[in-house]
Amino acid sequence: MTMALRPLPTTAAPVLARVSVFRSMAEAEPYWRVLENSGPVMSAYQRFDFMAAWQPHLGSAEGVTPAIVVGFDALNAPLVVLPFGLRRFGELKIIGFLGGKHANFNLGLWRRDFVAGADADVLDRLAKATDADALVLRSQPHEWQGIRNPLSLWPHVKSPSLGHKGQLKRDFEALIAERLSSSTRRKIRKKGEKLSAAGGMTFARADSDADAQRVVDVFFEQKIARMRQIGQSDVFGNPDVQNFIRAAVTRSNGRQPIEIYSLSVGADVIATFAGVCDDERFSAMFNSIEPDRFQTESPGEQSLFQLVRYCCERGLKTFDLGIGEARYKNLFCQDDEPVFDSFVALSPGGRLYVAAARVGQAAKRWIKSRPAVWNGLEAARRFSAGLLPR
């Protein structure tokens, strides 16, 4: 009797067949975009267009060159993209994530049918393909969209600061009734009414490139003034940072890598907010407020209130305010999001580098965990800026 041949099952998890490292954004782009457009596990910080804005303006200025790791299946389809960059420390080659401090959450792009099978052997092949001395990978979430981050299999320690997020509801009024006390809601609304009475309050997303650049101009003016007031380094006065942000709020392939919003009274922008967004989550990156007028009406709080409302109306599920401690983050982001830093040594010199990096990271975590020490450093910064009597 002849047996009919049955097709092989198609549910088997894909296998990593080969790994390539691309030394330019252009070389990696075709594979990166294919995976990005397939609905992978990734954050909006790892979109190609975000990194393509960051690398020429900040990455190259900081001595970072792309070392983008791509893993393929047997059919030459990308399974994973790790958006890595290489920097040199003397003779050592150190790998980190592209995006630097401007990417609050770092992880790879993982095809969904592959991510669960990314075990220690897979990670070992990905690491060795870099031909680096060490991997130092910061600000990684333990999971994303409820899925484990495979890079958590590498040696890691807790990052010095937490992320902060909150779950959203389609019904904004139900959300604020759940998250905010009635007295807090009344205070916020009364301040909004005062702003409206001062000339009409509007909150809007800057959709066109021209409008985005106009709001960015206001952001830089407000933020630089604020940083000087509190004695912090003038990060946003750096022309490379400004060029990156201007490029990232410009539409590319039909969307803005960074979305930017404004709160206005009449024709005057009194606050801004910007961040990245995917189909489920908005991740705030930076904001600013008018330094002189309307301080009693809390324009920063008002713009946050309106931004969360907008995200609810979009049907987003999660809102985050990035990594780092600030009192205002507790308003809507009451859930901690632990993040970790990976340190992987791949050579004898890399082991020495990793040991030193871990000591520095532990010192930073120790300082941040002690409010008296941290507040003392903040006071010293203000003193140096001339904001305290000498």
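Kindly check whether there is at least one residue in segment 197-215 that is part of a helix (DSSP H, G or I) and farther than 30 Å from residue 248 by Cβ. For segment 197-215, residues part of a helix (DSSP H, G or I) and farther than 30 Å from residue 248 by Cβ: present. When residue 48 is tested against (1) touching a residue at least 24 places away in the same chain (Cβ under 8 Å); (2) of a type in the set (Phe, Trp, Tyr); (3) under 27 Å from residue 239 (Cβ atoms), exactly one condition is not met: (1). If you go through segment 323-348 and keep only what is of a type outside the set (A, V, I, L, M) and within 25 Å of residue 108 (Cβ to Cβ), you end up with 324, 333, 335, 336, 337, 338, 340, 341, 342, 343, 347.
Run down 61, 74 and say which single residue is under 24 Å from residue 257 (Cβ atoms) and surrounded by fewer than 23 Cβ atoms within 10 Å (Cβ to Cβ). Step through it out loud before you land on a result.
Details: 74 fails: under 24 Å from residue 257 (Cβ atoms).
Result: 61 is the single residue among 61, 74 that is under 24 Å from residue 257 (Cβ atoms) and surrounded by fewer than 23 Cβ atoms within 10 Å (Cβ to Cβ).
Scanning segment 304-334 for residues that are in contact with an Asp or Glu (Cβ under 8 Å, 6 or more places away or on another chain) and free of Cβ contacts under 8 Å to residues at least 40 places away in the same chain returns a single hit, 328.
Checked against (1) within 21 Å of residue 86 (Cα to Cα); (2) in contact (Cβ under 8 Å) with a residue 24 or more places away in the chain; (3) of a type in the set (D, E, K, R), residue 209 meets all criteria but (1). Restricting attention to segment 218-232, does a residue exist that is in contact with a Lys or Arg (Cβ under 9 Å, 6 or more places away or on another chain) and either hydrophobic (A, V, I, L, M, F, W, C) or crowded, with 18+ Cβ neighbours inside 10 Å (or both)? Checked against the condition, which is being in contact with a Lys or Arg (Cβ under 9 Å, 6 or more places away or on another chain) and either hydrophobic (A, V, I, L, M, F, W, C) or crowded, with 18+ Cβ neighbours inside 10 Å (or both), segment 218-232 yields at least one hit. Write out, first by first residue and then by second, each pair whose Cβ atoms fall under 6 Å of each other, whose residues are 6+ apart or on separate chains, and whose first residue, in segment 76-89, is outside the structural domain of residue 136 (by TED's automatic domain parsing) and closer than 11 Å to residue 35 by Cβ while the second is surrounded by fewer than 16 Cβ atoms within 10 Å (Cβ to Cβ) and at pLDDT below 95. That search, which allows pairs on different chains as well, returns nothing.
One residue stands out in segment 215-239 among those that are among the charged types (D, E, K, R) and over 24 Å from residue 205 (Cα atoms): the one that is farthest from the chain's Cα centre (by Cα), namely 228. Name the single residue, out of those in segment 228-263 being polar (S, T, N, Q), within 21 Å of residue 290 (Cβ to Cβ) and not in a loop (DSSP other than H, G, I, E, B), that is modelled with the lowest pLDDT. If we take residues in segment 228-263 being polar (S, T, N, Q), within 21 Å of residue 290 (Cβ to Cβ) and not in a loop (DSSP other than H, G, I, E, B), then 229 is modelled with the lowest pLDDT. Do you know which residues across segment 324-370 are surrounded by 12 or more Cβ atoms within 10 Å (Cβ to Cβ), over 18 Å from the mean Cα position of the chain (by Cα), among the charged types (D, E, K, R) and not assigned by TED's automatic domain parsing to the domain that holds residue 88? Within segment 324-370, none qualify.
Okay, residues lined up against (1) under 21 Å from residue 118 (Cβ atoms); (2) without any contact (Cβ under 8 Å) to a residue 12 or more places away in the chain; (3) touching a helix residue (DSSP H, G or I) at 6+ places or on another chain (Cβ under 6 Å):
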{"residue": "136", "(1), (2), (3)": "yes, no, yes"}
{"residue": "143", "(1), (2), (3)": "yes, yes, no"}
{"residue": "146", "(1), (2), (3)": "yes, yes, no"}
{"residue": "166", "(1), (2), (3)": "no, no, no"}
{"residue": "173", "(1), (2), (3)": "no, yes, no"}
{"residue": "191", "(1), (2), (3)": "no, no, yes"}
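Identify all residues within segment 272-323 that are assigned to a strand (DSSP E or B) and of a type in the set (A, V, I, L, M, F, W, C); write none if there are none.
Initial filter on segment 272-323 (assigned to a strand (DSSP E or B)): 272-277, 281-289, 318-323.
Of everything in segment 272-323, those that are assigned to a strand (DSSP E or B) and of a type in the set (A, V, I, L, M, F, W, C) turn out to be 273, 274, 276, 277, 282, 284, 285, 286, 289, 319, 321, 323.
Within segment 161-174, the presence of at least one residue that is out of contact with any Ser or Thr (no Cβ under 7 Å at 6 or more places or on another chain), closer than 30 Å to residue 122 by Cα and in a strand (DSSP E or B) is confirmed. If you go through segment 186-204 and keep only what is surrounded by fewer than 16 Cβ atoms within 10 Å (Cβ to Cβ) and within 29 Å of the chain's Cα centre (by Cα), you end up with 202, 204. Inspection of segment 126-143 finds no residue satisfying the criterion of being surrounded by 14 or more Cβ atoms within 10 Å (Cβ to Cβ), among the aliphatic types (A, V, I, L, M), in the same structural domain as residue 284 (by TED's automatic domain parsing) and over 30 Å from residue 12 (Cβ atoms).
The values are calculated or read from the model by the stated rules, or taken from the named source; none is laboratory data. Note that the structure is predicted; figures quoted are calculated from it, not measured. Neighbour counts are summed over all protein chains in view; Cβ atoms, including those assigned to glycine, are modelled from backbone coordinates with ideal geometry.
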